[in-house]
Each structure stands twice: as structure tokens, then as C-alpha cells.
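The values are calculated or read from the model by the stated rules, or taken from the named source; none is laboratory data. As the structure is a prediction and not an experimental result, all values here were calculated from the model. Backbone-built Cβ (ideal geometry, glycine too); neighbour counts: all protein chains shown.
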Amino acid sequence: MSSAVRFRVTGRVQGVAFRAHAREQALSHHLRGHAFNLADGSVEILVAGEPDAIEAYARWLMTGPPLARVDAVERESASLAAGSAIDTFVIG
């Protein structure tokens, strides 16, 4: 059964290739969704896929890529819009 979760990651997460690494990790876990920089310096990530894969991804988010410093990861359940055709992971 597929689930969806929205994460907001704070710390030094912009300008350190966080979104590119987040995409690589998502695809390696067969997740789909998106990652966007927010104006407040954080990164928003939406992922959809199997719950176990989302949990593994959430563990990775706690440290992120080598140049990042993750201070906090907020998490909330999300729902995909009816008929949503998210079939890959995009960076915005």
C-alpha cells in the first residue's frame, strides 16, 4: 500500500546539493515526489511509495548529504491529489 509524507528539513540544507542527493536517495528507494527550496532556507520534500521505503528515506534525511547540516526534520502525512500522476522525483 502506497503512502505519502511531506518533510520540512531545516539547517544548512540549501547550497549544498541537498535536493540532488534527496532525489538520488528517493529513486534508490523507489519513491516518487519532489524537493523544493523554501524562502526561509529550509527544504520541503514530498515522497510517495511503500511505507518501509519512506521510513528508510526519513532516516537518511536526519543526516543528509556530506556538506549539509540537518538541524531538524518535520514530518506530516500527506495525500496525493486524486488522479495525481507523480511517477518520478523532481527538483524544483
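For the reader, a short list of remarks on this structure follows.
- Some residue of the range 76-90 being among the charged types (D, E, K, R) and under 11 Å from the mean Cα position of the chain (by Cα): no
- When residues in the range 18-30 are screened for being touching a helix residue (DSSP H, G or I) at 6+ places or on another chain (Cβ under 8 Å) and surrounded by 16 or more Cβ atoms within 10 Å (Cβ to Cβ), 4 of them pass.
- All of Glu55, Glu44 fail the test of being assigned to a strand (DSSP E or B), on the phi < 0 side of the Ramachandran plot and acidic (Asp, Glu), apart from Glu44.
- Cross-chain or 6+ apart pairs with Cβ under 6 Å, the range 1-15 first and of a type in the set (Phe, Trp, Tyr) and in a strand (DSSP E or B), then modelled with pLDDT of 95 or more and surrounded by fewer than 16 Cβ atoms within 10 Å (Cβ to Cβ): Phe7/Arg75
- Residue within the range 27-38 that is assigned to a helix (DSSP H, G or I), in contact with a strand residue (DSSP E or B) (Cβ under 8 Å, 6 or more places away or on another chain) and not basic (Lys, Arg) present: yes
- In the range 48-57, the residues that are out of contact with any Lys or Arg (no Cβ under 7 Å at 6 or more places or on another chain), surrounded by 13 or more Cβ atoms within 10 Å (Cβ to Cβ) and touching a residue at least 40 places away in the same chain (Cβ under 8 Å): Glu50, Ile54
- From the options Gly11, Gly33, Gly15, residue that is exposed (fewer than 12 other Cβ atoms within 10 Å of the Cβ) and among the small types (Gly, Ala, Ser): Gly15
- Answer from Arg8, Arg23, Arg69, Arg19 - the residue that is modelled with pLDDT of 95 or more, charged (D, E, K, R) and over 11 Å from the mean Cα position of the chain (by Cα): Arg69
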